[in-house]
Amino acid sequence: KPDHIVECGSGTSTAFMAKLLNQVNPDGRLTALEHLPKFAEETDQLLCDHSVENIATVLRTPLEDWEVDGRHLSWYGVDPNRFPTGSIDLLVVDGPPHTTGPHPRYPAAFVLEECLSEDCVIVLDDGNREEEKQAAQRWGELLGSEVEYKGGPKGTYVLRTGKKAQ
């Protein structure tokens, strides 16, 4: 029963997770980061269509240059201070898309590290790609988390921090 879900990317999955969150924790909230205005608008409409706009928000976050782990990479231009320390219980990383540049999802855990709750679960999509595999392994080292590959058509990694990792 997460209190706060952050999704990197937005779309149908945002509405789906918001509906589920509304069922298990009506006081919870979901924040989706989206760099493309068209997808943000479409997701806003989906949230309204499914009556979950009260618990889910799509932030328009153009991609910016971040220095992460000794690299300059493009990632969502979100101020991590927007989220209180330890407030993210579930981080779903399904963006930015690989077409935006090298290692597009790698910055997620680095940028949001202080915002992750003690028992945060991180889900990384498209794990069959080498860049995502590298990101999952490095995040595991950074966070002291177990890294589990779940398979599936595009591959999924799950990382558990804190108590859930043990």
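The values are calculated or read from the model by the stated rules, or taken from the named source; none is laboratory data. Note that the coordinates shown come from a computational prediction; the quantities given were computed from them, not determined experimentally. Positions of Cβ are generated from backbone atoms using ideal geometry, with glycine treated the same way; all protein chains shown enter the neighbour counts. To get the accessible areas, we keep the full protein, side chains included, count just its heavy atoms, and leave off ligands, DNA and RNA. Shrake-Rupley method; radii C 1.70, N 1.55, O 1.52, S 1.80 Å.
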Rounded to the nearest 10 Å², the accessible area of residue 161 at probe 1.4 Å: 10 Å²
What is the sum of charges around residue 80, taking Lys and Arg as +1, Asp and Glu as -1, for the other residues whose C-beta is under 11 Å from the C-beta of residue 80? -2
Mind checking which aspartates and glutamates have their C-alpha under 19 Å from residue 154, skipping anything on the same chain fewer than 8 residues away? 7, 94, 125, 126, 130, 131, 132
Tally Lys and Arg at +1 and Asp and Glu at -1 over the other residues with C-beta under 13 Å from the C-beta of residue 112: what net charge comes out? -3
Just add up the charged neighbours of residue 49: K/R +1, D/E -1, any other residue whose Cβ is under 13 Å from the Cβ of residue 49. -3
Hydrodynamic calc, the chain: Kirkwood Rh from Cα pairs, then Stokes-Einstein at 10 °C with viscosity 1.306 mPa s, so D in µm² s⁻¹ is 100 µm²/s
Carbon and sulfur atoms account, in whole percent of the 1.4 Å probe accessible area of segment 1-109, for 51 percent
